[in-house]
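Beneath this line is the structure, given in structure tokens, with notes to follow.
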There are 2 protein chains.
Amino acid sequence: MKASQFFISTLKEAPADAEVVSHRLMMRAGMIKKFGAGIYTYMPMGLRVIQKVERIIREEMNAAGAVELTMPVIQPAELWQETGRFDKMGPELLRIKDRHERDFVVQPTSEEVVTDIARQELRSYKQLPKNFYQIQTKFRDERRPRFGLMRGREFIMKDAYSFDRDRESAQLSYQTMAQAYRRIFDRFGLRYRAVAADSGAIGGDLSEEFQVIAATGEDAIVYCPTSDYAANIEKAEALAPQGPRPAPGQPMTKTPTPGKSTCAQVAELLGVPLATTVKSIVLATDVLDEQGAVAQTRIWLLLLRGDHDMNEVKVGKLPGLAQGFRFATEAEIVEHFGCKPGYLGPVGTRKPVTVVADREVAVMADWICGANEADFHLTGVNWGRDLPEPALVADLRNVVAGDPSPDGKGVLAIERGIEVGHVFYLGTKYSRAMNATFLDEDGKPKLFEMGCYGIGVTRLPAAAIEQNHDERGIIWPDAIAPFTVVICPIGMDRSEAVAQAAEQLHRDLLALGVDVILDDRGERPGAMFADWELIGVPHRITIGDKGLKEGVVEYQHRRDSAATRVAVGEVLALLKEKLGV
Amino acid sequence: MKASQFFISTLKEAPADAEVVSHRLMMRAGMIKKFGAGIYTYMPMGLRVIQKVERIIREEMNAAGAVELTMPVIQPAELWQETGRFDKMGPELLRIKDRHERDFVVQPTSEEVVTDIARQELRSYKQLPKNFYQIQTKFRDERRPRFGLMRGREFIMKDAYSFDRDRESAQLSYQTMAQAYRRIFDRFGLRYRAVAADSGAIGGDLSEEFQVIAATGEDAIVYCPTSDYAANIEKAEALAPQGPRPAPGQPMTKTPTPGKSTCAQVAELLGVPLATTVKSIVLATDVLDEQGAVAQTRIWLLLLRGDHDMNEVKVGKLPGLAQGFRFATEAEIVEHFGCKPGYLGPVGTRKPVTVVADREVAVMADWICGANEADFHLTGVNWGRDLPEPALVADLRNVVAGDPSPDGKGVLAIERGIEVGHVFYLGTKYSRAMNATFLDEDGKPKLFEMGCYGIGVTRLPAAAIEQNHDERGIIWPDAIAPFTVVICPIGMDRSEAVAQAAEQLHRDLLALGVDVILDDRGERPGAMFADWELIGVPHRITIGDKGLKEGVVEYQHRRDSAATRVAVGEVLALLKEKLGV
């Protein structure tokens, strides 16, 4: 490819609304162009990256036995009504009407359509297992789209769906995909982790996220540097502390803490570690009557150590809370505690509440909590002596760095990641809702056991950039770079020798199947180098008149701080070695 | 590929709503699956065809210097309001609102978005010419979607848009695309014609349709078997007849024709050739006042020979009619002719009308037309003697087979075609509406000269089938077949020799890069052959125990009526020759 036949458009400054580095660099490198909130054109330079991502995914999906098809972007509402998602999903599901006022959705995923295909086409156990996938445009009407391709509304996703005759086979299909994903992410050339994720109501451990490691990532990833353990923060279990609860050492004392309504403020005022304080979180669960009105409300008091954060996923699985909970209103809090938030605690509530203690809190002695009276806290509080043992002890919190690893093989560390893939065992969630069955060997209809497997195709380049960039621009891994090699001739229009050498190398690399671009635009060296460093092509060959007279050209990897001189006769061999071709 | 790892689903019967052969065969061969009117999933077997079509298009578009990008499916209405198409287009433009009640459209094409890209990105004449293309999902909310992929609502189109600094350069860009299209259609392996098409208000001859020849085609294609002339029926000119108008030979006579209101009925009643009758078509044009109300209406009487059909495109270009015309209402007809339709004519109208004669009618003598009185016609009518010469003589009709070719090199023939591609010179239609300019060499802003170039990617397979099928199923050209070769082993599960030979040939062909499928499903020979004949794989190798003992296998092309025996050692050489690999 010659630059003059391609389209290159770089910017000195990113637009003001580009908040994250990948968004800024993709805009500046001319890879995307905005056409409304979260809606982008993939410009020629960006599309090349996306197409390479797609090619790797397609090759590995095919190799793993998945079969490609393409489902509609605009899908009839009927199928979405069968699973209830047409009504249940929030406004991120874009619902539209056609000219005949019939309801449609713009696909955010395709569980309904693919399950409909399965129930029509996969009639016998002999046709199973089967895994269908597509690489196709999706739409999610995000309330606040931002960060460029990281959280767009229109995006490209690879979504795959497996159908199996039983749970064991479904778990094999899941493992096949999990392995394929490792090969895919290995080929992308990115640092990533496959982390255990929560599988919600389905249960079991068959849910993994593929997270690209980046300091700017939205997600906290928990891992154990001395073992294989890795999970997202929602999933990672905080083990119960070892050893018994210490005996009480202090009397319970009501202590004035005027205006100090947070654990941190109280700890500072009293000059004690934050870890000796306990925070109170008040939740409510409603029981509805047959008319859907609230018949009864139960108030829950969750107790966590002052330096810990509540984990809503874990809380949402507790008995009594799994059917849905909400934060209590201020009126409910005053009614039950006789006090406004900021000074709440489990001792001496006005009305009975259900006390749930985090595992850490359950083994604390001499702790500090609110006195249920404005501007007062209690110190020296002890279970059993000052208040009854908690109704329930459970893991309520996010793990923190230094916690023991759940596999018992070390302590946990935490880093940031960007989720770009997810493999998920669905069970019969969709097949049951849509009555999607096949005839099993015994002649009886059975529900399909399903799995779903996604990769954010257009999100991946953004994640790759968050991980690989410097102050000059993007640094692509070879496998997904828009071009693998750029040839930068200096003064190509003035020097026949430079032009000939550049054209010859260009032809030689094309003949080797290398994705090379020859910059024949006639830009000055400074501007030319700046463009390619911004765009992030990993390998650069610079050809100049002076060097040619000495029989050398220059090679520089995008990560190198300086160029290396290479004899003209050896440059091809060098590149073959660098590129592994 | 092995059939057991792929997905094959054939049907004995097509669904009742599949009216045309391509729709029936694509449904029966399991290539598409319907999810609502005009909305289909491209199933694995169909997607392979579509991907091969896309690959050929992409290679030739790139070779022709076009640059690929991907524009959004969901596009903000603002750009569509700039060109006025948001309001002007009919309900086939699917308009939607997002969660914030902002207006969007689902792209039917992308002139607005690409012109916006050009006006932002192509700032200097030095960046021109430039041609951007995409292969992307489109939506057109057809009132009556039908014929499967032939007239769907959601479909895939390749759309390209060229930007040039002046008309001459734009014509070069147009010709480059027209040539690329010829290479693309040549590679598809289909019989097609590039026919001149009408370029509407733009004028000039720079509009060609690429029509796949098929007896079932919707479009009439006019061509000259003894020259290069080819045009669609809207465009093909009917030349003025040679020689002068004959002298009158009969007196004008009012003749009773009770109940005979069509030319055909009158000709039959009077025992004269249909070509001696003249049909009257009454049109109206309205002049609006400043409030948009009709200030004045002009009535036009168009005269065509009884055996000719009016060509609305040609009529729409006549002076006085080019701003839009309509058929006159019955009230208007009675007011001007004193008679209801069926017996109208130009002689003795109640009020003056503007008479426009087709070129053929203008040179007729002694013709027959309505008498402007129910149940009466006039015979022996002659221009000049019985009525004034027409206000205008023009080409008003569709050509018919046997008309002289407009290039003077023979006579015209007509066949049917299916439009699958269109190249079109747009001029400044969109750049003017959107004020899309670049800085020309003289430092002044100039409007882009544009062209647009489409190929119906998902329509093409349907057109290919309309052209290439028999009673057993589809017959794909090699280039776009879902698989090029199918290996059918007989009794693979019983015979180790058959299994080994089949697997070996499969490996050998894969190594040659041949797109081969080995049918290892264990179907009986009859069912297996029927499946592959329905699916339309062009080359079949059958391997059986009996043949192997004699050292032979069987080769059969899908068009062959019987199989040919081939020595086992020669089958690879035979296939290499057949496939040109």
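The values are calculated or read from the model by the stated rules, or taken from the named source; none is laboratory data. What you see is a predicted model, and the numbers here were worked out from it, not measured in a lab. All Cβ positions, even for glycine, are placed from backbone atoms using ideal geometry, and neighbour counts span all protein chains on display.
Tabulated data for the structure shown
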| item | result |
| --- | --- |
| Options A:Val347, A:Val423; residue that is aliphatic (A, V, I, L, M), under 30 Å from A:Met150 (Cβ atoms) and either part of a strand (DSSP E or B) or touching a residue at least 60 places away in the same chain (Cβ under 8 Å) (or both) | A:Val423 |
| Identity of the residue in the range B:1-16, part of a loop (DSSP other than H, G, I, E, B) and either within 14 Å of B:Glu154 (Cβ to Cβ) or touching a residue at least 60 places away in the same chain (Cβ under 8 Å) (or both), that ends up nearest to the chain's Cα centre (by Cα) | B:Thr10 |
| Exclusive hit being part of a helix (DSSP H, G or I) and β-branched (Val, Ile, Thr), set B:Val571, B:Val537 | B:Val571 |
| Filter result for the condition that a residue is over 41 Å from the mean Cα position of the chain (by Cα) and aliphatic (A, V, I, L, M), over A:Ala501, A:Ala562, A:Ala530 | A:Ala501 |
| Filtered residue count, the range B:130-162, keeping only those that are within 11 Å of chain A (Cβ to nearest Cβ), closer than 23 Å to B:Thr428 by Cα and of a type outside the set (Lys, Arg) | 4 |
| The range B:12-27 - residue that is within 14 Å of chain A (Cβ to nearest Cβ) and at pLDDT 95 or above and, of those, surrounded by the most Cβ atoms within 10 Å (Cβ to Cβ) | B:Met26 |
| Filtered residue count, the range A:372-420, keeping only those that are surrounded by fewer than 18 Cβ atoms within 10 Å (Cβ to Cβ), of a type in the set (A, V, I, L, M) and free of Cβ contacts under 8 Å to residues at least 60 places away in the same chain | 3 |
| Candidate set from the range A:421-447 (those that are at pLDDT 95 or above and among the charged types (D, E, K, R)); member that is surrounded by the most Cβ atoms within 10 Å (Cβ to Cβ) | A:Lys446 |
| Answer residue from the range B:277-308, given it is out of contact with any strand residue (DSSP E or B) (no Cβ under 6 Å at 6 or more places or on another chain) and outside any strand (DSSP E or B) and is surrounded by the most Cβ atoms within 10 Å (Cβ to Cβ) among those | B:Asp307 |
| Residue count for the range A:450-472, restricted to those that are surrounded by fewer than 23 Cβ atoms within 10 Å (Cβ to Cβ) and over 20 Å from the mean Cα position of the chain (by Cα) | 3 |
| For A:Cys224: the one exception among (1) modelled with pLDDT under 90; (2) surrounded by 15 or more Cβ atoms within 10 Å (Cβ to Cβ) | (1) |
| Any hit, the range A:476-489, residues being free of Cβ contacts under 8 Å to residues at least 24 places away in the same chain, surrounded by fewer than 22 Cβ atoms within 10 Å (Cβ to Cβ) and among the hydrophobic types (A, V, I, L, M, F, W, C) | no |
| Residue within the range A:366-374 that is over 28 Å from A:Leu270 (Cα atoms) and in a loop (DSSP other than H, G, I, E, B) present | no |
| Extreme residue, nearest to B:Gln5 (Cα to Cα), among residues of the range A:110-126 that are of a type in the set (S, T, N, Q) and surrounded by fewer than 18 Cβ atoms within 10 Å (Cβ to Cβ) | A:Ser124 |
| Any hit, the range A:496-519, residues being modelled with pLDDT under 95 and surrounded by 15 or more Cβ atoms within 10 Å (Cβ to Cβ) | no |
| Subset of the range A:240-269 (residues that are hydrophobic (A, V, I, L, M, F, W, C) and surrounded by fewer than 16 Cβ atoms within 10 Å (Cβ to Cβ)) | A:Ala240, A:Ala247, A:Ala264, A:Leu269 |
| Strands (runs of 3 or more DSSP E) wholly inside the range B:130-227 containing at least 3 residues that are in contact with a helix residue (DSSP H, G or I) (Cβ under 7 Å, 6 or more places away or on another chain) and not assigned by TED's automatic domain parsing to the domain that holds B:Lys314 | B:130-139, B:154-164, B:207-213 |
| Some residue of the range A:166-175 being under 20 Å from the mean Cα position of the chain (by Cα), in contact (Cβ under 8 Å) with a residue 60 or more places away in the chain and more than 14 Å from chain B (Cβ to nearest Cβ) | yes |
| Of all residues making up the range B:164-177, the number that are over 21 Å from B:Pro445 (Cα atoms) and surrounded by fewer than 21 Cβ atoms within 10 Å (Cβ to Cβ) | 3 |
| Strands (runs of 3 or more DSSP E) lying entirely in the range B:31-128 (those with 2 or more residues that are touching a helix residue (DSSP H, G or I) at 6+ places or on another chain (Cβ under 8 Å), touching a residue at least 40 places away in the same chain (Cβ under 8 Å) and at the interface with chain A (Cβ under 9 Å from one of its Cβ atoms)) | B:40-42 |
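Results for (1) among the small types (Gly, Ala, Ser); (2) within 21 Å of the chain's Cα centre (by Cα); (3) surrounded by fewer than 19 Cβ atoms within 10 Å (Cβ to Cβ), shown as yes or no for each residue.
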residue	(1), (2), (3)
A:Arg48	no, no, no
A:Glu68	no, no, no
A:Ile74	no, no, no
A:Met89	no, yes, yes
A:Glu92	no, yes, yes
A:Ile96	no, no, no
A:Asp103	no, no, yes
